[in-house]
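**Q** Pasting a structure here, questions to come.
What follows is calculated from the coordinates using simple rules that are stated; it is not laboratory data. What you see is a predicted model, and the numbers here were worked out from it, not measured in a lab. Virtual Cβ from ideal backbone geometry, glycine too; neighbours counted across all protein chains shown.
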Amino acid sequence: MADNKGILVVGEIADGKLAPITAEALGAGKHLAGELKEELSCILIGDKVGDVAKAAIAAGADKVYTTEDAALKDYENDAYMQVVEKAAKDLAPRIILMGQTSMGRDLAPRLAFRLGVSAVVDCLELSIDGATKLMHCTRPVYGGNAKATFTSEALLQIATVRQKAMSPLAPDAGRQGQVVAFPVTLDAAKIRAKVLETIKEEVAGVKLEDAAAVVAGGRGMGGPEPFTKELAELAKLLKGAVGASRPPCDNKWVPDTIQIGLTGKIIAPELYIAIGLSGSSQHMSGCSGSKCIVAINKDPEANIFKEARVGVVGDWKVILPAFTQKIKELIQ
Ligand SMILES: Cc1cc2nc3c(=O)[nH]c(=O)nc-3n(C[C@H](O)[C@H](O)[C@H](O)COP(=O)(O)OP(=O)(O)OC[C@H]3O[C@@H](n4cnc5c(N)ncnc54)[C@H](O)[C@@H]3O)c2cc1C
């Protein structure tokens with residue numbers, strides 16, 4: 001691996017388009033490639049890659065490798081691993097980046113094990129050490145209570161990047177890049193696990209991960225009703241989505257799909273309104289990237305007030321109706 005060069009992003013295709021997380025990984029990769037003065041490439045895997053390759057170039061890739069096969073239509077770890085392992089060996093990048101998604105979480109450690117290197121997952125920041133050319137990877141540790149920076153002296157470094165932690169470049173349709181076929185003959189005997197069914201999450205309105213405003217409730221909401229009434233009303237006014245801390249999900253007040261945090265979704269909206277939740281480190285690790293946090297909590301000592309830009313101490317049953325009324329007046 002002594003001649004390993006460049007950065008390879010293992011891309012993802014979602015609903016026939018370049019997945020936002022891949023644009024974010026390409027944005028981070030471009031920055032690293034600039035520091036290294038090396039090439040940024042992306043590999044796209046699927047049954048048909050089509051114009052997604054152009055989108056990856058517009059998002060910063062200098063070169064896009066495409067691997068197409070009917071067996072690669074949906075993510076299957078044993079099949080995708082064959083492609084990614086071959087790419088790591090044949091293309092010999094210095095750095096491989098993936099999204100911290102169900103695919104990246106699964107592929108990165110397996111790939112690292114096969115190649116005898118390490119993987120740093122769930123990174124919030126990536127940089128290059130100018131002297132050694134090694135990548136430094138910063139990620140949360142101890143349940144989000146601290147951050148640690150890791151590096152590896154292996155000539156291939158693998159990292160996954162957390163969604164919304166890194167900025168994509170503004171897409172530039174005029175960017176020039178090369179699209180290169182990277183055919184892989186899959187060994188069917190090595191594809192031992194199969195996805196039997198994929199259930200698409202039903203979302204009414206804005207998707208939590210994409211919402212610019214999120215109104216989240218915690219245990220202090222006291223039951224399921226406020227989520228469908230008061231919180232939903234405010235979220236609708238702000239053209240946003242409703243989220244929750246873990247207790248409302250564990251108590252079945254709301255579906256698990258709206259849990260935010262370490263074991264839930266990671267979001268970074270412009271506005272995060274946290275109501276009746278204490279702001280535990282596990283919760284904050286899912287929303288600390290929010291641009292502005294507003295908190296309503298009756299306990300002045302609640303941790304959420306250390307995180308919030310604006311805080312109101314009081315019972316949400318009193319504060320929230322007045323808050324919503326004021327917003328109605330402001331946006332009319
Ligand atoms: C491994 C692990 C993973 C975890 N993952 C997650 C995760 O992904 N997401 C997550 O959220 N948690 C997670 N947790 C749980 C986490 O530790 C906390 O227990 C949880 O976040 C607390 O939720 P909460 O803030 O809603 O409840 P509490 O901590 O009980 O806080 C409720 C708050 O509501 C306030 N309140 C009560 N009544 C009112 C009222 N009428 N008006 C205004 N305020 C009121 C109280 O003052 C209090 O601050 C995890 C825990 C572990 C161990």
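**Q** Roughly speaking, what % of Cα-Cα pairs in the stretch 208-331 are separated by over 16 Å, rounded to a whole number?
**A** Tail of P(r) above 16 Å: 55 percent of Cα pairs.
**Q** OK, next. Order of TYR65, TYR142 from fewest to most other C-beta atoms within 10 Å? Write down the numbers at each step before the final one.
**A** On the way: TYR65 25, TYR142 9.
Lowest count first: TYR142, TYR65.
**Q** First select every other residue whose beta carbon is under 12 angstrom from the beta carbon of ALA268; then total the charges, Lys and Arg +1, Asp and Glu -1.
**A** Local charge sum for ALA268: 0.
**Q** Would you please give the residues with an amide H less than 5 Å from that of ALA59, counting only those at least 5 places away or on a separate chain, with H modeled from the backbone geometry?
**A** ASP172
**Q** So, one more: Any idea what angle helix 316-331 forms with the longest principal axis of the chain, computed on alpha-carbon atoms, 0 to 90 degrees, nearest 10?
**A** 70 degrees
**Q** Then there's this: Just to be sure I understand: of the beta bridges DSSP finds with both ends in the chain, what percent are antiparallel, rounded to 5? Intermediate values should be presented prior to the final figure.
**A** Working: 11 of 56 bridges.
If we restrict to bridges inside the chain, about 20 percent are antiparallel.
**Q** Once you charge only the Cβ atoms, +1 for Lys and Arg and -1 for Asp and Glu, what is the size of the charge dipole of the chain about its Cα centre, to the nearest 20 debye?
**A** 420 debye
**Q** If you don't mind, there's one more thing I want to ask. Please find the FRET efficiency linking LYS236 to GLU301, where r is the Cβ-Cβ separation and R0 is fixed at 22 Å, and quote it to the nearest 0.05. Could you put the intermediate results ahead of the total?
**A** Details: r = 32 Å, r/R0 = 1.45.
Result of the calculation: an efficiency of 0.10.
**Q** Please work out the Cα convex hull volume for the chain and give it in Å³ per residue. Don't skip to the end; give the middle numbers.
**A** Working: hull volume 50.1 nm³, N = 332.
Once divided by residue count, the hull of the chain is 151 Å³.
**Q** Using only the alpha-carbon atoms, how far is helix 77-91 inclined from the longest principal axis of the chain? Give it as 0 to 90 degrees, nearest 10.
**A** Taking the Cα atoms of the chain, the angle to 77-91 is about 50 degrees.
**Q** Using the Karplus equation 6.51 cos²θ - 1.76 cosθ + 1.60 (θ = phi - 60°), what ³J(HN,Hα) coupling, rounded to whole Hz, does each residue of the stretch 220-237 give in order, writing x for Gly and Pro?
**A** Karplus values, whole Hz, x for Gly and Pro: x, 6, x, x, x, 4, x, 5, 8, 9, 4, 5, 5, 5, 5, 4, 5, 4.
**Q** So for the stretch 7-190, what are the equivalent ellipsoid semi-axes in whole Å, largest first, each being the square root of 5 times an eigenvalue of the Cα gyration tensor?
**A** Numbers: eigenvalues 112, 74, 48 Å².
Working from the Cα gyration tensor, I get semi-axes of 24, 19, 16 Å.
**Q** If each of GLU225 and LYS73 carries a label point 7 Å out from its Cα toward its Cβ, how far apart are those two points in nm?
**A** For GLU225 paired with LYS73, the spin-label model returns 4.7 nm.
**Q** Let me have the 222 nm mean residue ellipticity of the chain computed from DSSP H runs of 4+ only, each contributing -39500 (n - 2.57), with the sum over all residues rounded to the nearest 500. It would help to have the intermediate numbers written out before the result.
**A** Values: 10 runs with 94 residues, N = 332.
Theoretical 222 nm ellipticity from helices: -8000 deg cm²/dmol.
**Q** May I pose another question? Quick check: convex hull over the Cα atoms of the stretch 254-325, volume per residue in Å³, rounded to an integer?
**A** 92 Å³
**Q** Using alpha-carbon positions, what is the distance between the centroids of the stretch 237-297 and the stretch 97-161, in Å?
**A** Comparing the Cα centres of the stretch 237-297 and the stretch 97-161, I get a distance of 26 Å.
**Q** Report ³J(HN,Hα) in whole Hz for each residue of the stretch 286-296, in order, from the Karplus equation J = 6.51 cos²θ - 1.76 cosθ + 1.60 where θ = phi - 60°; Gly and Pro get x.
**A** Each residue of the stretch 286-296 in turn: x, 9, 5, x, 4, 6, 9, 10, 10, 10, 10 Hz.
**Q** If you add up the charges near GLU125, with Lys and Arg at +1 and Asp and Glu at -1, over every other residue whose beta carbon is less than 11 angstrom from its beta carbon, what do you get?
**A** Numbers: positive: ARG139, LYS147, ARG162; negative: none.
Residues close to GLU125 contribute a combined charge of +3.
**Q** From the phi angles alone, apply the Karplus equation (6.51, -1.76, 1.60; θ = phi - 60°) to the stretch 178-194 and give each ³J(HN,Hα) in whole Hz, x where the residue is Gly or Pro.
**A** With the stated coefficients, the stretch 178-194 comes to 10, 10, 10, 5, 10, x, 10, 7, 6, 9, 4, 5, 8, 8, 9, 10, 10 Hz.
**Q** Order these by the 10 Å Cβ neighbour count, fewest first: VAL121, VAL84.
**A** The most exposed by this proxy come first: VAL121, VAL84.
**Q** Summing +1 for each Lys or Arg and -1 for each Asp or Glu, what net charge is found among the other residues whose Cβ lies under 15 Å from the Cβ of LYS86?
**A** Overall, the nearby charge balance is -2.
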